[in-house]
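No lab work stands behind these numbers, since they all come straight from the coordinates. Given the structure is predicted, the values throughout are model-derived calculations rather than measurements. A quick note on method: Cβ atoms are made from the backbone with ideal geometry, for glycine too, and the neighbour counts reach across all protein chains shown.
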Amino acid sequence: MTERPTEPAPDAGDAPIKKKVDSEWKKKVREEKATEEEAAEKPPRGPLPEPTFLFFLSGLATQALLALGELEHPETGAREADLEEARYLIDTLEMLEKKTEGNRNDEESRYLSEVLHELRMRFVQASGT
């Protein structure tokens, strides 16, 4: 808190009156207002889709594309490659391909095969090997 001298009140004689200003409180109010404005700008989220194996695979593939620097990060807008994370996600998709063999339908098998091929090619390009 800071104290500021003010003009003397008409009946107070010559002594200035000191006002106490709580600048920390003002800062909190400004931060809360900014947070409320940001929340008001975000559109409400619609219902989530039915969970399926294809949506799950698609989510992992999207994360791999982000890690390869192929997509902009949704919050920062930056494209940053993290090849270690990309390799991990591709390995995870490969593990799922092996573990779910014989339990996938044709569409799931085709998608998984195609997305793995595409991610492997992009990984090779990104790593320069």
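Tell me whether segment 75-98 contains one or more residues that are in contact with a helix residue (DSSP H, G or I) (Cβ under 7 Å, 6 or more places away or on another chain), under 30 Å from residue 38 (Cα atoms) and free of Cβ contacts under 8 Å to residues at least 60 places away in the same chain. For segment 75-98, residues in contact with a helix residue (DSSP H, G or I) (Cβ under 7 Å, 6 or more places away or on another chain), under 30 Å from residue 38 (Cα atoms) and free of Cβ contacts under 8 Å to residues at least 60 places away in the same chain: present. Scanning segment 104-117 for residues that are touching a residue at least 40 places away in the same chain (Cβ under 8 Å) and in a helix (DSSP H, G or I) turns up 107, 108, 111, 112, 115.
Hey, any hits in segment 106-114 for a residue that's surrounded by fewer than 17 Cβ atoms within 10 Å (Cβ to Cβ) and on the phi > 0 side of the Ramachandran plot? The answer is no, given that none of the residues of segment 106-114 is surrounded by fewer than 17 Cβ atoms within 10 Å (Cβ to Cβ) and on the phi > 0 side of the Ramachandran plot. Apart from one condition, residue 83 fits all of (1) in contact with a Phe, Trp or Tyr (Cβ under 9 Å, 6 or more places away or on another chain); (2) surrounded by 17 or more Cβ atoms within 10 Å (Cβ to Cβ); the exception is (2).
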